[in-house]
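Here's the structure we're looking at; comments come further down.
Read-outs: derived from the displayed coordinates by stated rules, not from any lab. None of the values given here were measured: they were computed from a predicted structure. Because the Cβ atoms are built from the backbone with ideal geometry, glycine has one as well, and the counts that use them run over all protein chains shown.
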Amino acid sequence: MRKQKFYTFDEHLKESLKDPEFKKAWEETEPEYQLAKQLIEKRIAKKMSQRELAKKVKTSQAIICRIEGMNYNPSLALLKRIAQSLGSRLEFKFK
């Protein structure tokens, strides 16, 4: 029986970014990925469901799901309410 080697997401991403087409697509969607990743991590750390967060933010669970699934571009006002509901502050960076 052969042992399978498992790769972390970061290892896989590093390898995938060598492909110019993938790199271009990644760069176009990375902000959405980072937002979704951080939102999911913070929500889980607070032990909140999407439904619970949505109720606190006064939006629908479907909107939270779409943000986390990178299928929705939330307004700045919504992002502020989400951050406040998670006990966080919203921060932007330009690199």
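Observations, loosely collected:
- Where Cα atoms sit under 24 Å apart: lysine pairs in the stretch 10-85 separated by 8 or more or lying on different chains: 27
- Whichever aspartates and glutamates have a C-alpha closer than 14 Å to that of Lys3, once near sequence neighbours (fewer than 8 apart) are set aside: none
- Lys, Arg +1 and Asp, Glu -1 on Cβ, resulting dipole of the chain about Cα centre, debye, nearest 20: 560 debye
- Helix axis angle, 20-45 relative to the chain longest principal axis, alpha carbon, degrees: 50 degrees
- Mean Cβ neighbour count within 10 Å, used as a protection proxy, ranking 10-19, 61-70 highest first: 61-70, 10-19
- Positive-pole candidate from Gly69, Tyr33, Ser49, dipole of the stretch 10-85, charges at beta carbon: Ser49
- Rounded to the nearest 500, the 222 nm mean residue ellipticity of the chain from helices alone is -19500 deg cm²/dmol, with -39,500 (n - 2.57) taken per DSSP H run of at least 4 residues.
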